[in-house]
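Structure, as structure tokens:
FYI, it's all coordinate maths here, none of it is from the lab. Note that this is a predicted model, so its numbers are computed, not measured. Counting neighbours? That spans all protein chains shown, and the Cβs are built from the backbone with ideal geometry, glycine included.
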Amino acid sequence: MYRHGTVFKLPPSPIQQIDLPILRERDVELWIKRDDLLHPTLIGNKYRKSLVYFRQAIVSQQAVVTFGGAYSNHLLAVALMGQSLGLRTVGCVRGEIDVPNAPILERCRDAGMHLISISRQAYYPEQAQMSEWLQAQLAPFVPYLVIPEGGTSAACLPDVAQLVTELDQQLLHYDVIACSVGTGGTVAGILTGLHQQQSDARVLGLCAAKGYQGLPAQGLAALPSDEQQRQQLLSRLCIVDVAERGFGRISPELRHAGLELQAQLNIPLDYVYTAKSLLYLFSEIKQTNLFAEKRLVFIHTGGYQTAALADKFSVE
Ligand SMILES: Cc1ncc(COP(=O)(O)O)c(C=O)c1O
């Protein structure tokens, strides 16, 4: 078990400049902020997003209950965080839990997380998540603290915003921050941080789920309720869909391209989020002038679904 102080205060994640011929040709300066190196097991944005909840759970010695699908890095991060802090964890999973090719669920079990399957129909909306049936399943874990899906809520924004404070100490100036999007909490935290630092940088959200053109509902709900403030934050954000075959799915071509990119960068990528995001960025860099003469920072949000697990994914 880690000493709590160690897990709650980590040094800033490193940042590295990428030097590839295509970047030189297109006059783009690309930096990657390596949140995947924040901690050996509690990697990436999940670490930043779950701090606030675990601080509270430690004080009140509560079990931790959370929600996610079979490809949810969040579920595994919560399981590992709970394991390292000696807290019981419960994962309420959208859909079946006894399915083949679900390495995340296997690793959650290994980390001691109790898994409960919730049918896809009953999983949403929020009220259904805390139905009488589910409360009965959770009764043995009382008292427990509920972390929303993806860890996204207003409570996690200050710890995520800290990422911008770190970045400002590492780079004098940057034009665009690009970051993978699931529930939108990380991007919401980045917007908050940029606003606090009075930066004029813009944010490109690379959404791993199909069909999104704006911030997903959970991310929106985490923002301040004041309409003017929300609009101010959102005005610097652009969201694009990088889902390709859909959330948690990859085509053989994309898998191959992801492996190639990973080898070129010598940085492990997550197939659900960061590989798709970076492949999109590089294709935009190749095909457009959008990032010419710009300093672009990609936040490597970590993820456990790296090449070692890629064979286990549903490849169409
Ligand atoms: C590796 C990785 N990157 C990005 C995200 C997206 O984060 P968010 O849900 O805050 O949008 C997630 C999780 O959802 C993730 O696991």
Check: C-alpha center the stretch 39-62 vs C-alpha center the stretch 231-270, spacing in Å is 25 Å
Peptides 49-57, 285-293 ordered by average Cβ neighbours within 10 Å, highest first
49-57, 285-293
Size of the stretch 45-150 along its principal axes in angstrom, Cα-based, largest extent first?
35, 30, 23
Residues whose built amide H sits under 5 Å from the amide H of HIS114, excluding neighbours closer than 5 in sequence, are THR89, VAL90, GLY91
What whole-number volume per residue, in cubic angstrom, does the convex hull of the C-alpha atoms of the stretch 87-205 give?
153 Å³
Over 21 Å between C-alpha atoms is what I'm after, so list which of LYS49/LYS286; LYS9/LYS276; LYS46/LYS276; LYS33/LYS276; LYS49/LYS210; LYS210/LYS276 land there.
LYS49/LYS286; LYS9/LYS276; LYS49/LYS210
Percent relative contact order of the stretch 172-261, based on C-alpha pairs within less than 8 angstrom and at least six residues apart?
32 percent
Relative to the first principal axis of the alpha-carbon coordinates of the chain, what is the inclination of helix 252-265, with its axis defined by its Cα atoms, in degrees from 0 to 90 and to the nearest 10?
70 degrees
Against the 2.2 N^0.38 Å scaling, with N counting residues, where does the chain land? I'd like the Cα-based Rg ratio to two decimal places.
0.97
Calculate the spin-label point distance for VAL59 paired with ASN101, positioning each point 7 Å from the Cα along the beta-carbon direction, and give it in nanometres.
4.4 nm
Given the chain, what percent of its DSSP beta bridges are antiparallel, to the nearest 5?
10 percent
Specify the residue with the greatest mean-square fluctuation among VAL142, VAL28, VAL65, computed from a Gaussian network of the chain linking alpha-carbon atoms under 10 Å apart.
VAL142
